[in-house]
Amino acid sequence: MTDAAEWVPRDGLVVVVKRGCPTCNTVLPALVELREARRDLVVVTQDDPAFPEGLGAIFDEDLRGSHRLGIEVVPTLVERVAGENRRVAIGWNREEWQELSRVSDLAPDLPAARPGCGALNLEEPHASRLAELDSRPLSARAVGLGDDEDPIEACFTRGWSDGLPVVPPTAQRVRRMLTGTARPPDELVAVVPPDYASATVEKVAINAVMAGCLPEHLPVVLACVEAACTEEFNWHGLAATTYFSGPVVVVNGPIRRQLGMSWGINALGQGNRANLTIGRALQLTLRNVGGARPGEVDRATLGNPGKLSFCFAENEEGSPWEPLAQARGVAAGRSAVTLFAGEGPRGVVDQLSREPESLSRSLAMALRTVAHPKLPLGFDAMLVVTPEHGRVFREAGWTRQKLERRLLELLQIPAREMIRGAGGCAEGVPASMFEDSESSTIPKFRPGGLLLVHAGGGAGLFSAIIGGWINGEGGSQPLTREIQ
């Protein structure tokens, strides 16, 4: 076995391949030409010391060299300068390989481009072993278990669970999770109320392990924790309220596809690992670091199932409008999370409206019921418009802004219907708020208090309302945070 330190060059070209990759076999003519043109080329094979034949390949048996070079896909061509990767070409792309190697007319008989395969060093058990090589010691205290103590039951006993089994956060699993971000493990992410304890990247990673996340989910979880612990979102108040609400996470941008998130059929439900574990990791971090436990600080009268996890992606590709994050100021093409203090979703059925005005009126009628039909201004709402309802607005050319304006117009409610005692119901607003309650109107939502999101399956003339928590002083404001 050759130690990686002996063959990883300080300067020159390195190409990493494996026999088990079809593209690596396809690019053999290009490797032969590169060997003839560039004597500083180092060919590295991950899985077979006899491949590729005749090129003097180095067998990276322990995969340390691939790990040191940061190889994620094979084939990968790397230009090394002064001991660092200057440029990298992933997979096979003739133009990129020619530019990087400075060899023109390279392998003209090959296809112009072809994707590669996953690198062996990223597969288990290799990935966890390699992560140990360059990991700093974890700062979290190791908890010892008895010989007969079950790790999952131990997590229940110590109060680290949300009521469902968690993945025991072993040091190896936490180190593997930390490979999902370039942020240092000891970096402070947020100070988490109500205990106002410090949540470092490592502590968030521990809870992401327990939630069942993959390393690539960690950047999204970190953004969620940062957003939740701002004064605007007010996690402290939300954690302690007797109301139903908890954090609702909407994900926008390219990361949705990269993580395989769900925004179609059953988008608000079960079945998608990224959706469920990201939302759960946020909740576990807020619980285990911040101390928000039911029956203690968490005083919810009823709560809702979304307090286990409530996270979904927006269907941007099929949306009648620009993505929610973009509408809230994030640049197009960037990934972001939007946190909303919401209760469980409630359905809105309208199977007859084929014109936007009729459908708008249906949605407005349902939106009036948020918190209570006679309680205006104090509660925000998120309206999840599904594709069949969205098509009605798209075909009519209604923008997000036009629908928002129309809904707010329809939700200017006569004060006489909202005052206490009206309709034989004691709930409502004081008549003293109005000079003339007979002619005055009052808006159901404050400006900016209604968020539109596009998600759901392609069949079903239904949409959903996620009612919010209080929004005034002491309440919560929706918050959007770009993912690092």
Selection within region 447-457 - more than 21 Å from the chain's Cα centre (by Cα) and either open to solvent by less than 60 Å² (accessible area, probe 1.4 Å) or on the phi > 0 side of the Ramachandran plot (or both) | 448, 449, 450
Name the strands (runs of 3 or more DSSP E) wholly within region 277-396 that hold at least 1 residues that are open to solvent by 20 Å² or more (accessible area, probe 1.4 Å)?
-> 336-349, 379-385
For residues that are touching a helix residue (DSSP H, G or I) at 6+ places or on another chain (Cβ under 7 Å) and among the charged types (D, E, K, R), tally how many sit in region 20-62.
-> 3
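Among 198, 262, which is out of contact with any Gly (no Cβ under 9 Å at 6 or more places or on another chain) and polar (S, T, N, Q)? Can you show your working first?
Working: 262 fails: out of contact with any Gly (no Cβ under 9 Å at 6 or more places or on another chain).
Answer to the check: 198.
Could you tell me whether region 158-166 includes any residue that is closer than 17 Å to residue 285 by Cα and in a strand (DSSP E or B)?
The initial filter retains those residues of region 158-166 that are closer than 17 Å to residue 285 by Cα, namely 158-166.
Still in the list and also in a strand (DSSP E or B): none.
No, there is no match, as no residue in region 158-166 is closer than 17 Å to residue 285 by Cα and in a strand (DSSP E or B).
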Can you pull out the residues in region 428-442 that are touching a residue at least 40 places away in the same chain (Cβ under 8 Å) and either open to solvent by 80 Å² or more (accessible area, probe 1.4 Å) or of a type in the set (A, V, I, L, M, F, W, C) (or both)?
-> 429, 442
Residue match in region 164-181 (condition: among the β-branched types (Val, Ile, Thr) and at pLDDT 95 or above) | yes
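Quick check: anything in region 213-231 in contact with a strand residue (DSSP E or B) (Cβ under 7 Å, 6 or more places away or on another chain) and farther than 20 Å from residue 308 by Cα? Step through it out loud before you land on a result.
Applying the first criterion (in contact with a strand residue (DSSP E or B) (Cβ under 7 Å, 6 or more places away or on another chain)) to region 213-231 yields 220, 222-230.
From what is left, the residues that are farther than 20 Å from residue 308 by Cα are 230.
Scanning region 213-231, I find at least one residue that is in contact with a strand residue (DSSP E or B) (Cβ under 7 Å, 6 or more places away or on another chain) and farther than 20 Å from residue 308 by Cα, so the answer is yes.
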Any pair with Cβ under 7 angstrom, 6 or more apart, that starts in region 317-331 at a residue that is more than 14 Å from residue 404 (Cβ to Cβ) and ends at one that is of a type in the set (A, V, I, L, M) and surrounded by fewer than 16 Cβ atoms within 10 Å (Cβ to Cβ) = 326/332
Meets criteria (within 30 Å of residue 337 (Cα to Cα) and of a type in the set (Val, Ile, Thr)) for residue 419 | no
Can you name every residue in region 71-85 that is open to solvent by 40 Å² or more (accessible area, probe 1.4 Å), under 30 Å from the mean Cα position of the chain (by Cα) and within 12 Å of residue 14 (Cα to Cα)?
-> 85
Counting just the residues of region 126-185 that are out of contact with any Leu (no Cβ under 9 Å at 6 or more places or on another chain), hydroxyl-bearing (Ser, Thr, Tyr) and open to solvent by 70 Å² or more (accessible area, probe 1.4 Å), which one comes out nearest to residue 64 (Cα to Cα)?
-> 139
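Scan region 198-207 and tell me whether some residue there is at negative phi, among the hydroxyl-bearing types (Ser, Thr, Tyr), within 19 Å of the chain's Cα centre (by Cα) and assigned to a loop (DSSP other than H, G, I, E, B).
The initial filter retains those residues of region 198-207 that are at negative phi, namely 198-207.
If we keep only those that are among the hydroxyl-bearing types (Ser, Thr, Tyr) too, we end up with 198, 200.
Add one more test, that the residue is within 19 Å of the chain's Cα centre (by Cα), and what stays is 200.
Narrowing further to those that are assigned to a loop (DSSP other than H, G, I, E, B): none.
No, region 198-207 contains no residue that is at negative phi, among the hydroxyl-bearing types (Ser, Thr, Tyr), within 19 Å of the chain's Cα centre (by Cα) and assigned to a loop (DSSP other than H, G, I, E, B).
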Of all residues in region 86-99, how many are open to solvent by less than 20 Å² (accessible area, probe 1.4 Å) and either more than 30 Å from the chain's Cα centre (by Cα) or acidic (Asp, Glu) (or both)?
-> 1
Test each condition in (1) modelled with pLDDT of 95 or more; (2) open to solvent by 20 Å² or more (accessible area, probe 1.4 Å); (3) within 16 Å of residue 280 (Cβ to Cβ); (4) not polar (S, T, N, Q) for residue 214 and report the one that comes out false.
-> (1)
Hits in region 95-116 (condition: over 19 Å from residue 18 (Cα atoms) and charged (D, E, K, R)) = 95, 96, 99, 102, 105, 109
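Given the structure, is residue 147 part of a loop (DSSP other than H, G, I, E, B), modelled with pLDDT of 85 or more and of a type in the set (Asp, Glu)?
On the way: part of a loop (DSSP other than H, G, I, E, B): yes; modelled with pLDDT of 85 or more: no; of a type in the set (Asp, Glu): yes.
In short, no.
Just for region 248-276: of the residues that are in a helix (DSSP H, G or I) and open to solvent by 10 Å² or more (accessible area, probe 1.4 Å), which one is farthest from residue 327 (Cα to Cα)? Give the steps one after another, and end with the answer.
Initial filter on region 248-276 (in a helix (DSSP H, G or I)): 255-258, 273-276.
Still in the running and open to solvent by 10 Å² or more (accessible area, probe 1.4 Å): 255, 257-258, 273, 276.
Details: 255: 18, 257: 20, 258: 22, 273: 27, 276: 25 Å.
Taking the candidates together, the pick is 273.
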Scan region 102-113 and give yes if some residue there is among the basic types (Lys, Arg), part of a loop (DSSP other than H, G, I, E, B) and surrounded by 15 or more Cβ atoms within 10 Å (Cβ to Cβ), otherwise no.
-> no
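The values are calculated or read from the model by the stated rules, or taken from the named source; none is laboratory data. Keep in mind that what you see is a predicted model, and the values were worked out from it rather than measured. Don't worry about glycine lacking a Cβ; one is built from the backbone with ideal geometry, like all the others, and counts go over all protein chains shown. Quick note on the areas: whole protein, heavy atoms, side chains included, nothing else; ligands and nucleic acids left out. Shrake-Rupley method; radii C 1.70, N 1.55, O 1.52, S 1.80 Å.
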